[in-house]
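S.K.: Here it is, the structure, as structure tokens.
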Amino acid sequence: MDNELKKQYMQILFRFRKAGLDFPKISDVNMTELFVMSGISNNACSGDKRVDMTEIQSNTHITKAAISLMFTSLEKRGYVVRETDRSNRRKITVELTAEGEKILAEAQQKVDWTLDETLSQLGEEKAWQLISLLNQLSDILDELKSRRAR
């Protein structure tokens, strides 16, 4: 493989990592926590705002241990409330508090603006190409990780 190609590939990966998505910091909540809070909000049934914790874990692809730590942290800051199901003690539901909903709404507004600006400058056709290429890259990296673990 061409060394210049490898060099340019590594440089753009580091540049992208450094630039990140540059979403404005919202309160004391990081992007992963906002993603999980959004998952709670999006998965809540119309009449019941409580969501099964394992459902959020499986939809976000975050390990059970990591999601548990995250919920503990969010709960301490007053953004979520966890509750153990009385009929099934293994089932834990989680719901956003009013403060959690407020933080999430503020964040979603800022994230939407950033995404709109980024995608409009990139253009729809190039954005779809980028998504396709990034999905392909993710699949390749997953396969390499899997092979390395064998």
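S.K.: Out of all the residues in segment 49-58, is one or more surrounded by fewer than 17 Cβ atoms within 10 Å (Cβ to Cβ) and aliphatic (A, V, I, L, M)?
M.R.: no
S.K.: Also, I was wondering about something else. Take the residues of segment 74-96 that are crowded, with 16+ Cβ neighbours inside 10 Å and of a type in the set (Ser, Thr, Tyr): which is nearest to Asp52 (Cα to Cα)?
M.R.: The extreme case among them is Thr93.
S.K.: Out of Leu69, Leu13, report the one residue that is modelled with pLDDT of 80 or more, farther than 15 Å from Gln108 by Cβ and aliphatic (A, V, I, L, M).
M.R.: Criteria check complete, one pass: Leu69.
S.K.: Answer yes or no: is there a residue in segment 120-140 that is surrounded by 10 or more Cβ atoms within 10 Å (Cβ to Cβ) and either part of a strand (DSSP E or B) or of a type in the set (Asp, Glu) (or both).
M.R.: Yes, that holds for at least one residue.
S.K.: When the residues of segment 16-34 are filtered to those that are surrounded by 14 or more Cβ atoms within 10 Å (Cβ to Cβ) and not in a loop (DSSP other than H, G, I, E, B), which remaining residue is modelled with the lowest pLDDT?
M.R.: Once the filter is applied, the top-ranked residue is Ile26.
S.K.: A follow-up question, please. Checking the conditions here, which among Ile92, Ile40, Ile62 is modelled with pLDDT of 80 or more, under 30 Å from Leu13 (Cβ atoms) and either touching a strand residue (DSSP E or B) at 6+ places or on another chain (Cβ under 9 Å) or not aromatic (Phe, Trp, Tyr) (or both)?
M.R.: From the options Ile92, Ile40, Ile62, the qualifying one is Ile62.
S.K.: How many residues does segment 69-101 contain that are under 15 Å from Gly39 (Cα atoms) and in a helix (DSSP H, G or I)?
M.R.: Total meeting the criteria: 5.
The values are calculated or read from the model by the stated rules, or taken from the named source; none is laboratory data. On a predicted model such as this, the values are computed, not experimentally measured, just so you know. Because the Cβ atoms are built from the backbone with ideal geometry, glycine has one as well, and the counts that use them run over all protein chains shown.
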